Amino acid sequence: MTGATVIAGGQSVSAGMDGTFEIKTAKAGDKISVSYTDYKVAELKAANGMVIEMSSTSLNMKEVQVMSSVGIDRKTPA
């Protein structure tokens, strides 16, 4: 995920445009924490070439209607 924050081995990086990242100070088995807006924080153990799947925390909402009662028919230009 582009821009996800990845923390491991005392280092913090952002994932690149293709969602990849590299942390040279992390060792296999170290704890990795990955966070991104509207997604659950993923915490797992480091491994070479790992793939991380994130779960969305967004809610599915119904349609929202926005209305105004300020305009006056034929007097307010729209």
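Each reported figure results from applying straightforward, stated rules to the coordinates on display, with no laboratory input. Quantities reported herein were computed from a predicted structural model and do not represent experimental measurements. Reconstructed Cβ throughout: ideal geometry from the backbone, glycine too, with neighbour counts over all protein chains shown.
Quick notes on this one:
- Length-normalised contact order of the chain in % [C-alpha pairs under 8 Å, at least 6 apart]: 20 percent
- Sorted on the mean count of surrounding Cβ atoms within 10 Å across their residues, most packed first, peptides 35-43, 14-22, 50-58 read 35-43, 14-22, 50-58.
- Label separation (residue 60 vs residue 43): 3.0 nm, computed from points 7 Å beyond Cα along the C-beta direction.
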